[in-house]
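To start, the structure under review is shown below, and the notes come after it.
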Amino acid sequence: MVKPFPFEELRAAISELPDHAAYVKIARMEILGSTHEVSRGAGAKPEVPLVILDRINRAPSVRIERRRNYRPLILEDDETLAEPAFYSIFDNNILAIMRNDGSAPGPASFRDYVNRLTSEPIEISSLVDRNALRALHNVRTLTKLHIEVGPDVVAEVFSSSRLIAEPLDILRRRLGSVGIEVSLKMSPKGPSDTSEQVLQDVRSLVEGSGLSYVEKAQINYRSLEDGRAKMYDFLSEAVTTSVDVDLDARTNQPTELSAAQSLADAYDKLYEDIRAAYQAATF
């Protein structure tokens, strides 16, 4: 049985970090964590507690950070705010993430950040719709694999998928923390073992935790059922939705209260999808 994640203890640990230890280096980037606690006002919309991670850029021309000691945020004239990522944890250790784009810290950042602050390491796995496995079983010939990862993802998270990990590792060592897209194309008339080798890597990606760390994951293939060309987008079939949030007028970023309320609302609306995906992943 999986132990409940100590989310309350994590938030307390982040809040108690002294300023000199608040900036945490993970992989090839530095992030700053902060927290949001549930408001106690009567009649308020449902909300959830949050951990917020901001990616830091200390380049002189664009210093990006969330001012840790001030609420509301106070930024100097030459400072801007990173695209933040908001995280909360629900029953059965379900991790909810709200991001605006690929420059915000992703699941890999949360995992590595938590593992730097706690004694018991954690892993993260995507809740993928069971149709993903059905699609893989219907592949006669794989013709294209398209993967996109954000700047916080390292090759090691794809260790079971060599065809993805190796080019990512090369690009990471040469270019550092940048977003990367990889497309592998196979001729439908080419050697079948090439298609099968790539398909095996895709299976490892889907059945493991790799999908938790990608921005895009798509395949094109010839169907086993009818031989027709088809496309499958793994992330559009995952448990995701868009939400509306209120923005801070000065920073044009989501307010923490609005993010906390939007995550609570999204979880309620997606509850049945989340439960079905969780059951498919655990049984």
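The values are calculated or read from the model by the stated rules, or taken from the named source; none is laboratory data. This one's a predicted model, so the numbers in the text were calculated from it and none came from an experiment. Virtual Cβ from ideal backbone geometry, glycine too; neighbours counted across all protein chains shown. Side chains included, ligands, DNA and RNA excluded: accessible areas come from the protein's heavy atoms. Shrake-Rupley method; radii C 1.70, N 1.55, O 1.52, S 1.80 Å.
Just flag the GluC sites (Glu not before Pro) in segment 210-265 sitting in loop per DSSP whose Cβ has no more than 15 other Cβ atoms within 10 Å.
Sparse-neighbourhood loop GluC sites (Glu not before Pro): Glu225.
Counting only the heavy atoms of the protein chains, how much of Phe158 is accessible to a 1.4 Å probe, in Å² to the nearest 10?
The value for Phe158 is about 0 Å².
Under a plain spin-label model, where a point goes 7 Å from the Cα along Cα-to-Cβ, how far apart in nm are Leu175 and Phe90?
3.5
Ser258: accessible area at probe 1.4 Å, nearest 10 Å²?
Accessible area, nearest 10 Å²: 10 Å².
Kindly sort Val38, Val202 by accessible area of their heavy atoms, largest first, with the probe set to 1.4 Å.
Per-residue accessible area, sorted high to low, gives Val38, Val202.
Given a cut-off of 20 Å, name the pairs among Lys230/Lys269; Lys3/Lys216; Lys189/Lys216; Lys45/Lys269; Lys185/Lys230; Lys189/Lys230 whose C-alpha atoms lie farther apart than that in the structure shown.
Checking Cα-Cα distances, Lys230/Lys269; Lys3/Lys216; Lys189/Lys216 exceed 20 Å.
Would you mind computing, in nm to one decimal, how far apart the modelled labels at Ser183 and Asp233 are, each placed 7 Å from Cα along Cα→Cβ?
Spacing of the two 7 Å Cα→Cβ label points: 1.5 nm.
For Lys185, Lys216, give the ranking by accessible area with the largest first, probe 1.4 Å.
Correct descending sequence by accessible area is Lys185, Lys216.
Give the carbon-plus-sulfur fraction of the accessible surface of segment 152-236 in %, rounded to a whole number; probe 1.4 Å, heavy atoms of protein chains only.
C and S atoms contribute 47 percent here.
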